[in-house]
Amino acid sequence: MRTILAILLLVAFTGCSVMAQERIAINEAGLLTIRTPGKGDMPCSLFAHYDAWVWRGAEQLRRPAENRWSGVIAKREEDGPGSISFVRTVDPVAGGVRVEYEFTRQGEMDLRQGVILAVVFPYPDFRGRQIVFTHGPPADTDRNFRAAARGCTVNLSETEALQIEFGQATRFTTWISEDRSFSLNVRLAPRDFGEKARAGLTFRLVPAIREVRPWVARPQRAPLKLAGVTADRQVVGLYEPVEFTLELSATYENPFDPDQVAVDATVTTPSGRTERVPGFYCQGFEAEYENGEELLSLDGEPTWQVRYTPREVGAYSVAFEARDGSGAAASSPLEFRCVESGAGGFARLSSAQDSAPIYFRLDNGESLFLIGHNVTGYPINVDEVFRRMAAGGENYTRFWMHSDAFGLEWALPVGHYREQRAWQLDRTLESARQHGIYLMLCFDTHQDVQGRNWESNPYNAARGGPCEGVMDIFRSEEAGSLYRKRLRYIIARWGYHPNVLCWEFVNEIEGWAGAEENKELLADWHAEMARFIRENDPFDHPITTSQWTTEGWPELWGLPEMQFVQSHYYANNMWADMAGDVERICRQKLEDYPRKLHLFGEYGIASGAGTRRMDPAGLHLHNGNWAALMAGCASNPVSWWHDSYIHALDLYRVYRGLADFVEGEPLAERAWRLADVHSVAYVRPLKDIFFTDLQFRGSKGSWTAP
């Protein structure tokens, strides 16, 4: 009987393998293709981007052996020598095929994302399908997406699915092309893989996926009940956080909508003041780190939390209230005690002193001169980045809450939030606290309302949002209501954190279509939303916004609700006098807005690629740093180019001298002023002064600029 069973299993296994090999095969041109009966075939091809995002596909495909192919991804001839050759081996496995690659880099080829395998799903056959990853939320085939996982599965029919196993962490991205075909891109080799790299992935045909737990908040229908509240500690250091977890049941469709369900705490301080602190809905996650990727998995059931940071020493009492459509429920007060600590507290603005510049100071009175650079996106290695920043003397950075990083309202119905992105911001802020880094948190950027990003923006009416056009974000009452609810969530989840330096509404408002023609509308909107923050943020963070116009709009910067002004400046001229330009910008801001603090939000010798090539030593960083300090700015000019420049060339060291110079300097108490110098003379006059030409020469035979 066992022998017969073994034979039957062998026959079944062999039949399955033969079917899979027929369906997952290489055509005569060497193209790997997945055949889907009754639908369009799915070709799989290699490609890479290099330098300024030049796209190149695989070519020169040859078949030196039965199961082996070779080819090359080469730069264009006009771009000079450089290529990546590869060998591909294909072998049958149970239910599918195993595809192995070996890559060899030859010459200079600066990859932008690595070597990618694109699996193309033809529309309309696969429109609206879900891709289920081993880690991270599922993705739709009608949206661009990015995920870190070890593999994924997508249903080909009601009964069958395609499974792609990479075996270790890699990056999956999606792209909808101009012809509306959908491409699932699997990164096979990283951008900096050196001379050689190997990768392998397995394609299998498996039974269709029937059910997937969605990574979205689920509705709840239960009688309103606040069963209890627990605190993570009973004794809390001054300016250090305490977290409360509520055992709450309620009825709601969307837990992020405070009109449906809301939690608030009333904190009574030792001096008798009361503070209203909003609570928030929170899903936990587990993280693994592999191959430079973060693999996220859901951890347990969602909870409701309140976060608070005490600013007085003594005994506190906290009462909690929850509301849904049926009414309200309250808890018995909880108590905790706050004791002295070495923490500095929140960032505040110093008092204006005549015409002297204004600086940041901490609650404990220490001056805070900001030194840093923009850490764009969400770096998986955030602990390493912040450690290196702190070692170099930096204490400041800026993050956008945008579609590719911490943005809450993406790939979901408007008004619903991506909890995995919120968890990542939690992690980033905890790392910032450990390394003494203060964050400017920017809520939106113009890139997310342009082109395809506007097509997929949840506020767009085509996606179910309230806005026909971009300016409707600032006109629509429904959009304003949704935005205020998002602000409430941001305040509830991160307002407690002393390392949140300030709130920034938008990155470069001129990038919104119609902004120049609607300055007063935008100014009124900023004033309204700033007042909402001021009324609801018990921790009183400073508020700002930003523009790419260096001088800025008086309609915006003149608002009393904009508590400080900032500058974005790119010279786009490698020979620019960056020290002189920075001094000029600082002087203009001091003259036009003498009662407001001024800092730099972005800065660079170039607004596009090329900074690494033009200034590998970071001279423009050095010159701008010292010019800003001496010209009364509250920060150094913060470079935009983190990954490709500062981190890649280890230019963290450029900031150390500036940090040492201002350490312990009480700028917020005794602001520096320009020295009033009428003349300069030698103590001992020079003798034998002569004049001659100053000559610059490049190296012999060089065609580059000297």
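I'm checking my understanding of the structure. Among residues of the stretch 177-187 that are under 18 Å from Pro137 (Cβ atoms) and either at pLDDT 90 or above or under 24 Å from the mean Cα position of the chain (by Cα) (or both), which one is surrounded by the fewest Cβ atoms within 10 Å (Cβ to Cβ)?
Among them, the one singled out is Asn185.
Quick test of your reading of the structure: Ala527 fulfils all but one of (1) surrounded by fewer than 21 Cβ atoms within 10 Å (Cβ to Cβ); (2) out of contact with any Asp or Glu (no Cβ under 6 Å at 6 or more places or on another chain). Name the failing condition by number.
(2)
I'd like to verify a number: residues in the stretch 144-174 that are touching a residue at least 40 places away in the same chain (Cβ under 8 Å), open to solvent by 10 Å² or more (accessible area, probe 1.4 Å) and in contact with a Ser or Thr (Cβ under 6 Å, 6 or more places away or on another chain), how many?
Number satisfying all stated conditions: 5.
Among the numbered conditions (1) open to solvent by 50 Å² or more (accessible area, probe 1.4 Å); (2) within 21 Å of the chain's Cα centre (by Cα); (3) within 17 Å of Gly372 (Cα to Cα), tell me where Gly601 comes up short.
Of (1) open to solvent by 50 Å² or more (accessible area, probe 1.4 Å); (2) within 21 Å of the chain's Cα centre (by Cα); (3) within 17 Å of Gly372 (Cα to Cα), only one is false for Gly601: (1).
Among the residues of the stretch 609-643, which ones are open to solvent by 40 Å² or more (accessible area, probe 1.4 Å) and within 19 Å of Arg398 (Cβ to Cβ)?
Once the filter is applied, which keeps residues that are open to solvent by 40 Å² or more (accessible area, probe 1.4 Å) and within 19 Å of Arg398 (Cβ to Cβ), the stretch 609-643 yields Trp640, Trp641, Asp643.
Among the candidates Arg670, Arg656, single out the residue that is open to solvent by less than 100 Å² (accessible area, probe 1.4 Å), among the charged types (D, E, K, R) and either touching a Gly at 6+ places or on another chain (Cβ under 6 Å) or free of Cβ contacts under 8 Å to residues at least 12 places away in the same chain (or both).
Arg656
Hey, any hits in the stretch 501-523 for a residue that's farther than 26 Å from Gly377 by Cα, touching a residue at least 60 places away in the same chain (Cβ under 8 Å), more than 21 Å from the chain's Cα centre (by Cα) and open to solvent by 50 Å² or more (accessible area, probe 1.4 Å)?
no
Scan the stretch 280-292 for residues that are among the polar types (S, T, N, Q), open to solvent by less than 40 Å² (accessible area, probe 1.4 Å) and more than 11 Å from Gln420 (Cβ to Cβ) and jot them down.
Residues satisfying the conditions do not exist here.
Starting from residues that are assigned to a loop (DSSP other than H, G, I, E, B) and out of contact with any strand residue (DSSP E or B) (no Cβ under 7 Å at 6 or more places or on another chain), keep the ones in the stretch 265-292 and report whichever is nearest to Ile380 (Cα to Cα).
This residue is Gly292.
With respect to the numbered conditions (1) over 30 Å from Phe532 (Cβ atoms); (2) open to solvent by 10 Å² or more (accessible area, probe 1.4 Å); (3) assigned to a strand (DSSP E or B), which one is the sole condition not fulfilled by Leu295?
The single condition Leu295 does not satisfy is (2).
Within the stretch 219-239, work out how many residues are outside any strand (DSSP E or B) and open to solvent by less than 60 Å² (accessible area, probe 1.4 Å).
2
So, in the stretch 423-462, exactly how many residues are closer than 18 Å to His541 by Cα, open to solvent by 10 Å² or more (accessible area, probe 1.4 Å) and not in a helix (DSSP H, G or I)?
Going through the stretch 423-462 one residue at a time, the tally reaches 3.
Only one of (1) under 24 Å from Glu508 (Cβ atoms); (2) under 13 Å from the mean Cα position of the chain (by Cα) is not met by Ala479, so which one is it?
Single failed check for Ala479: (2).
If I ask for residues that are modelled with pLDDT of 95 or more, hydrophobic (A, V, I, L, M, F, W, C) and farther than 19 Å from Asn518 by Cα, which ones from the stretch 431-485 would you list?
Ala432, Ile437, Leu439, Met440, Leu441, Cys442, Phe443, Ala461, Leu482
Scan the stretch 536-552 and tell me whether some residue there is at pLDDT 95 or above, under 22 Å from Asn625 (Cβ atoms), open to solvent by less than 10 Å² (accessible area, probe 1.4 Å) and part of a loop (DSSP other than H, G, I, E, B).
Yes, the stretch 536-552 contains at least one residue that is at pLDDT 95 or above, under 22 Å from Asn625 (Cβ atoms), open to solvent by less than 10 Å² (accessible area, probe 1.4 Å) and part of a loop (DSSP other than H, G, I, E, B).
Report, ordered by the first and then the second residue, all pairs with beta carbons closer than 7 Å, sequence separation of six or more or different chains, a first member in the stretch 360-386 that is under 25 Å from Tyr239 (Cα atoms) and acidic (Asp, Glu), and a second member that is open to solvent by 30 Å² or more (accessible area, probe 1.4 Å) and not in a loop (DSSP other than H, G, I, E, B).
As it stands, the answer is Asp363/Arg348, since those pairs meet every condition given.
Give the residues of the stretch 373-406 that are part of a loop (DSSP other than H, G, I, E, B), over 19 Å from Ala287 (Cα atoms) and within 15 Å of the chain's Cα centre (by Cα), sorted by residue number.
Those that are part of a loop (DSSP other than H, G, I, E, B), over 19 Å from Ala287 (Cα atoms) and within 15 Å of the chain's Cα centre (by Cα): His373, Asn374, Val375, Thr376, Met401, His402, Ser403.
So in the stretch 74-115, with the set limited to residues that are open to solvent by 20 Å² or more (accessible area, probe 1.4 Å) and among the β-branched types (Val, Ile, Thr), which one is farthest from Leu46 (Cα to Cα)?
Step by step, filter the stretch 74-115, then rank; the result is Val93.
In the stretch 330-374, which residue that is among the hydroxyl-bearing types (Ser, Thr, Tyr) and in contact with a Lys or Arg (Cβ under 7 Å, 6 or more places away or on another chain) is modelled with the lowest pLDDT?
For the stretch 330-374, the residue satisfying everything is Ser350.
Give me a count of the residues in the stretch 41-65 that are of a type outside the set (Lys, Arg), at pLDDT 85 or above and either open to solvent by 20 Å² or more (accessible area, probe 1.4 Å) or outside any strand (DSSP E or B) (or both).
13
So if I check each of Ala208, Ala250, Ala199, which one is closer than 30 Å to Asp142 by Cα and over 30 Å from the mean Cα position of the chain (by Cα)?
Going through Ala208, Ala250, Ala199 in turn, the sole match is Ala208.
The values are calculated or read from the model by the stated rules, or taken from the named source; none is laboratory data. Small disclaimer: the values here were computed from a predicted structure and weren't measured. Cβ coordinates were reconstructed from backbone atoms using ideal geometry, including for glycine residues, and neighbour counts include every protein chain displayed. For accessibility, only protein heavy atoms count, side chains too; no ligands or nucleic acids. Shrake-Rupley method; radii C 1.70, N 1.55, O 1.52, S 1.80 Å.
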